[in-house]
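The block underneath contains the structure these notes are about, expressed in structure tokens.
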Amino acid sequence: MSAFDAIIIGAGQAGPFLAARLSAAGMTVALIERKLFGGTCVNTGCMPTKTLVASAYAAHLARRGRDFGVLVDGDVRVDMARVKARADKVSADARDSVERRLRRLAGCTVIQGHARFEGPDRLRVGDQLLIAPRIFINVGGRATIPPLPGIDTVPYLTNTSILALDRVPEHLVVVGGSYIGLEFAQMYRRFGAAVTIVERTPRLIAREDDEISAAIADILAAEGITVRTSAECITLTSHATGVSLGVNCRQGEPSIAGSHVLLAVGRRPNTDDLGLDRAGVATDPRGYITVDDELATNVDGIWALGDCNGRGAFTHTAYNDFEIVAANLLDGDHRRVSERVSGYALYIDPPLGRAGMTEREARERGRPLLVATRPMTHVGRAIEKDETLGMMKAVVDAETRKILGAAILGTGGDEAIHGILDAINAGLTCDRLQRAVPIHPTVSELIPTLLGDLKRASPGN
Ligand SMILES: Cc1cc2nc3c(=O)[nH]c(=O)nc-3n(C[C@H](O)[C@H](O)[C@H](O)COP(=O)(O)OP(=O)(O)OC[C@H]3O[C@@H](n4cnc5c(N)ncnc54)[C@H](O)[C@@H]3O)c2cc1C
């Protein structure tokens, strides 16, 4: 049996940073990782996908060269093996760097293997038993495999296995019209595949406001991606060269024949094989570990950070969980998850940057609202770059004039949104932000102009 001051399960987006803080504070720490250092983001999530998105953008821009007066002789071709090698290298470099830094940490013991609780203060990894008065769970999640009829009879891809492709599929069918599915759909279309998105609900990315969903559907359709929404009964069968999907949509053909199928219908936490019952740690019905506002579980001395606690689903929320736990344990602070302002991006091109609430969420609070929208065709920087698809939107509390939320779907939207995200974090009113003097020519410079167009939202909308 080995005793430590703290044990961390998972080398994802919170664990390694926490290991560094705890060991710098003089604690002995064991960090357990069962697979790849860096977790989902580094190996099968953000990093490889954003590297692939960059290759897809290069292909798109090369095809559009003529629009900019740049002539490319011959066809633009995509060498998928090289595209893949580039993404593999970006992931491998980051993974190695995480592992190297962990192994160099004085006071931190890195253990490779699958951890399982044997009690509230102990874990087993293979034949080792580890005990500690503090245990931090950072086990992340994996792709959900939905129980669709026929699922066990056909080959399918997930966000992990699709990264092994070194040839462009003839026809990729993406099941799931949300963040992960849309990024893969657009990038593979740009790599040269025919792409169909099949979505169960009536619109893509249903969490966003209607006009944002509609603008995203238009962007994808303009690139020749087929979008099938309201596909209520999805079934899968094999055919000679791939997989057929039966889709009970309100419109269109009842079946789609694809060469490859990607399942992108959500994530589930890696908590089913952790032995949580042996420690008495509570989960919700979907398996997410129940935590309080400071990320403590119901068991004294056990915390849960990152995707596995269901309080966030992003790298930056997992990292923020580390900041909260470290500040409260080591700095005498009292930081809370509920203080976090929501922010995220969808990395299609043009990207969607989001801050705070959608209009629908703001309406649910029952307060009078001011709303403004502006098409990207009215943004000088977008015109200069000839990337004018998309729109900006801001939602403001009509009484306090505080900014509640915004969306920038347009070129540079993932960066420009931070002007508004920071303003929400600082509790600024729209009037204060309107007095800012932004840099010209940028997408951000239109934020004060957008706020100048705020109108009372009609209550029924
Ligand atoms: C395709 C895709 C694209 C994404 N793009 C973005 C993006 O652009 N921006 C963004 O912010 N987020 C993105 N995400 C989400 C992001 O990757 C996750 O939110 C983030 O990685 C969560 O970090 P984590 O630390 O909670 O878990 P993870 O990064 O999943 O790490 C958990 C670690 O725990 C290990 N582990 C699990 N169980 C055990 C066990 N029993 N014993 C030992 N080790 C264990 C795992 O092997 C893993 O290494 C994307 C996700 C996907 C799938």
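Each reported figure results from applying straightforward, stated rules to the coordinates on display, with no laboratory input. The structure displayed is predicted, hence computed values, not measured ones. Cβ sites come from the backbone with ideal geometry, for glycine too, and all protein chains shown count toward neighbours.
The table for this structure:
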{"item": "Paramagnetic reach from Ala194 (point 7 Å along Cα→Cβ, amide N under 11 Å) across the range 223-238", "result": "226"}
{"item": "Ranked by how many other beta carbons lie within 10 Å on average, peptides 28-39, 367-378 from highest", "result": "28-39, 367-378"}
{"item": "Helical segments meeting 15 Å axial Cα length and Kyte-Doolittle 0.5 threshold in the chain (DSSP H)", "result": "210-222"}
{"item": "Cα→Cβ-extended label distance, 7 Å offset, between Glu323 and Arg142, nm", "result": "3.1"}
{"item": "His418 versus Arg34: modelled label distance in nm, points set 7 Å from Cα along the beta carbon direction", "result": "3.5"}
{"item": "Spin-label model distance (nm) - Ala296 vs Ala206, 7 Å beyond Cα toward Cβ", "result": "3.7"}
{"item": "Per-residue [θ]222 nm for the chain (sum of -39500 (n - 2.57) over DSSP H runs n ≥ 4, rounded to 500)", "result": "-9000 deg cm²/dmol"}
{"item": "Stretchable slack from Asp75 to Ala257, in nm (0.36 nm times residue separation minus alpha-carbon distance)", "result": "62.8 nm"}
{"item": "Where Rh is the Kirkwood radius over Cα pairs, Rg/Rh for the range 317-418", "result": "1.09"}
{"item": "Two-site FRET efficiency, Ala426 against Asp453, from Cβ-Cβ distance with R₀ of 30 Å, rounded to 0.05", "result": "0.85"}
{"item": "Extension reserve of the Arg268-Asp5 stretch, reckoned as 0.36 nm per residue once the Cα distance is removed", "result": "91.7 nm"}
{"item": "Order by protection proxy (mean Cβ within 10 Å, highest first), peptides 80-91, 388-399", "result": "388-399, 80-91"}
{"item": "Protection proxy ranking of 411-418, 219-226 - average other beta-carbon atoms within 10 Å, highest first", "result": "411-418, 219-226"}
{"item": "Cα-based reach from Lys455 at 27 Å (exclusive), listing lysines while leaving out same-chain residues under 8 positions away", "result": "Lys393, Lys402"}
{"item": "The range 1-96 - Debye-derived log10 I(q)/I(0), Cα point model, q = 0.12, 0.13, 0.24 Å⁻¹", "result": "-0.56, -0.61, -1.13"}
{"item": "Extended-chain gain in nm, criterion 0.36 nm per residue less alpha-carbon gap, Thr442 and Leu330", "result": "36.2 nm"}
{"item": "20 Å Cα-Cα reach of Lys50 towards lysines, excluding residues that sit fewer than 8 places from it in its own chain", "result": "Lys84, Lys89"}
{"item": "Cα centroid of the range 339-385 to Cα centroid of the range 198-242, whole Å", "result": "21"}
{"item": "Two-decimal Rg to Rh for the chain - Kirkwood Rh, Cα set", "result": "0.98"}
